[in-house]
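Q: My structure is below; once you've seen it, I'll send some questions.
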Amino acid sequence: MMNHYLFELRCGVMTYAWGKIGADSEVAKLKASVDPTFKIDPTEKYAELWMGTHPNCPSYAVRKGKEDVALLDWIEANPDSLGQKVKDYFKMKLPFLFKVLSVRTSLSIQTHPNKADAEELFRKRPDLYKDDNHKPELAIALTPFVGLCGFRPITEIADYFQRIEELRNVVGPQLCVKLMTNSRSLTPQTHCEAMRATFSGLIEKEKETVKIELEKLVKKVQAMKKKGEDISPYVGDILLKLHEEFPGDAGAFAIYFLNVVRLQPGEAMFLRARIPHAYLSGDCMECMACSDNVVRAGLTFKYIDKHTLVSMLDYVGYPMNRMKFVGVEDVNDITVTSFHPADIVDFGVAKYEAPPKVKEFRMAPLQSASISIVIQGKGKASNSTLPDPIELRRGTVFFMAAMQEVTINLADEGMLLFRAYSTI
């Protein structure tokens with residue numbers, strides 16, 4: 001095993017039906033930049049680059065002149081590298097999984113359980129829910145990025161019910177009237193009850209009714225678009241995209257319940273437990289707790305656990321701007337933006353932005369091990385435990401043990417780098 005505590009990682013790529021194709025995928029381009037054996041297939045759908053110890057796509061420590069070793073095995077042989085608190089709290093496991101995503105077609109509308117939910121689901125249905133951990137997620141846009149996140153304020157949903165006949169027909173007119181009436185109430189609990197009843201009405205509606213009403217609405221919006229009319233009152237761009245990708249799926253109507261969040265590069269959204277969400281398009285960094293627990297609501301061909309979903313969701317309505325997660329900036333020669341979701345100790349993410357004029361910067365030691373990826377720029381990473389620096393370029397991923405300091409020497413083009421770690 002290596003006796004230094006800063007090293008490059010060789011990371012794997014996952015291909016899924018929703019991934020971007022060929023060289024359109026940021027995932028593929030990052031992988032190809034650092035791996036001369038990786039050739040981009042112009043027909044392949046490259047969806048995710050995984051950085052961590054998850055067994056489905058583990059990362060490997062690169063050892064020059066020797067066989068690469070699985071990061072999981074290296075950590076097991078060097079548990080102190082995690083940091084004392086991380087080692088003790090997470091039982092000698094790396095608590096996060098770091099990813100790059102390239103989204104072409106929409107991912108499923110889904111939510112994730114909190115810790116108590118996960119333990120109960122794992123106990124009752126281990127065939128569906130494979131572990132007892134929660135799965136909060138943080139997404140930071142690399143390119144313009146679109147997602148659904150959290151329920152809209154009830155007044156917005158009531159307005160869509162008032163305006164869109166096809167939506168009323170799917171949810172049920174009586175439920176719609178009840179929500180519209182309750183939207184004038186000042187009692188949050190009343191709002192949540194009405195939201196749950198109407199969203200359940202959508203999820204439970206028979207597929208044939210959903211298909212008929214959705215086709216009617218899509219034809220209306222398509223005709224408006226052809227005439228050059230404004231289709232934004234129907235969230236027309238998203239509606240047409242979802243119907244094309246998942247014809248007849250009730251998830252297309254969910255855009256009238258959930259916030260459409262449009263992120264510019266560097267903006268983020270935090271997907272806490274019980275919040276319904278979906279990624280629709282774009283490239284992003286993603287960090288999450290290590291779990292595979294997903295409860296799906298729509299826009300998927302996989303199993304939808306309707307009962308669990310309806311009972312689990314947080315039905316509080318939030319304005320769209322509340323769904324964006326604002327990082328804390330520290331501006332000096334470089335800008336470091338920290339994204340630390342409250343009450344989550346599994347992970348945090350820092351974004352390092354160095355302008356071209358900066359020739360060197362320091363990555364401060366943390367009480368947690370960390371994984372970093374270079375998105376833009378070139379340079380070298382050095383550390384007191386390394387005999388030779390690590391060459392950095394677009395796509396380079398490297399592991400830093402806890403309490404290790406790293407100096408980054410830059411070329412003339414600046415650097416954009418993301419770093420994931422535990423905040424315990």
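Q: Give the residues of the stretch 195-205 that are open to solvent by 90 Å² or more (accessible area, probe 1.4 Å) and either modelled with pLDDT of 95 or more or in contact with a His (Cβ under 6 Å, 6 or more places away or on another chain) (or both), sorted by residue number.
A: Arg196, the sole residue that qualifies.
Q: I'm trying to understand the selection: among the residues of the stretch 39-86, which are of a type in the set (S, T, N, Q) and touching a Ser or Thr at 6+ places or on another chain (Cβ under 8 Å)?
A: Within the stretch 39-86, Thr53, Ser59 qualify.
Q: Looking at (1) farther than 24 Å from Phe96 by Cα; (2) touching a helix residue (DSSP H, G or I) at 6+ places or on another chain (Cβ under 7 Å), can you tell me which one Met320 breaks?
A: Failing condition for Met320: (2).
Q: Can you find even one residue in the stretch 405-416 that is under 21 Å from the mean Cα position of the chain (by Cα), touching a residue at least 12 places away in the same chain (Cβ under 8 Å) and buried (at least 16 other Cβ atoms within 10 Å of the Cβ)?
A: Taking every residue of the stretch 405-416 in turn, at least one turns out to be under 21 Å from the mean Cα position of the chain (by Cα), touching a residue at least 12 places away in the same chain (Cβ under 8 Å) and buried (at least 16 other Cβ atoms within 10 Å of the Cβ).
Q: Considering only residues of the stretch 32-82 that are among the hydroxyl-bearing types (Ser, Thr, Tyr) and without any contact (Cβ under 8 Å) to a residue 24 or more places away in the chain, which is surrounded by the most Cβ atoms within 10 Å (Cβ to Cβ)?
A: Ranking the candidates gives Thr43 first.
Q: Could you list, in sequence order, the residues of the stretch 164-194 that are over 31 Å from the mean Cα position of the chain (by Cα), open to solvent by less than 20 Å² (accessible area, probe 1.4 Å) and within 20 Å of His307 (Cβ to Cβ)?
A: Gly172
Q: Here are some residues: Glu208, Glu213. Which one is more than 25 Å from the chain's Cα centre (by Cα), open to solvent by 50 Å² or more (accessible area, probe 1.4 Å) and farther than 20 Å from Val316 by Cβ?
A: Testing whether each residue is more than 25 Å from the chain's Cα centre (by Cα), open to solvent by 50 Å² or more (accessible area, probe 1.4 Å) and farther than 20 Å from Val316 by Cβ leaves just Glu208.
Conditions tested, residue by residue: (1) assigned to a strand (DSSP E or B); (2) of a type outside the set (A, V, I, L, M, F, W, C); (3) farther than 30 Å from Ser281 by Cα.
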position: Leu94; (1), (2), (3): no, no, no
position: Leu97; (1), (2), (3): yes, no, no
position: Val100; (1), (2), (3): yes, no, no
position: Ser106; (1), (2), (3): no, yes, no
position: Ala116; (1), (2), (3): no, no, yes
position: Asp127; (1), (2), (3): no, yes, yes
position: Lys130; (1), (2), (3): no, yes, no
position: Lys135; (1), (2), (3): no, yes, no
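Q: Continuing with the same structure: Have a look at Thr37, Thr53, Thr15 and point out the one that is within 25 Å of the chain's Cα centre (by Cα), among the hydroxyl-bearing types (Ser, Thr, Tyr) and not in a strand (DSSP E or B).
A: None of the other options fit; the residue is Thr53.
Q: Mind counting the residues in the stretch 236-270 that are open to solvent by 10 Å² or more (accessible area, probe 1.4 Å) and in a loop (DSSP other than H, G, I, E, B)?
A: Qualifying residue count for the region: 8.
The values are calculated or read from the model by the stated rules, or taken from the named source; none is laboratory data. Just so you know, these numbers come straight off a predicted model, no measurement behind them. No Cβ is skipped: glycine too gets one built from the backbone with ideal geometry, and neighbour counts run over all protein chains shown. With ligands, DNA and RNA removed, areas are computed over all heavy atoms of the protein, side chains included. Shrake-Rupley method; radii C 1.70, N 1.55, O 1.52, S 1.80 Å.
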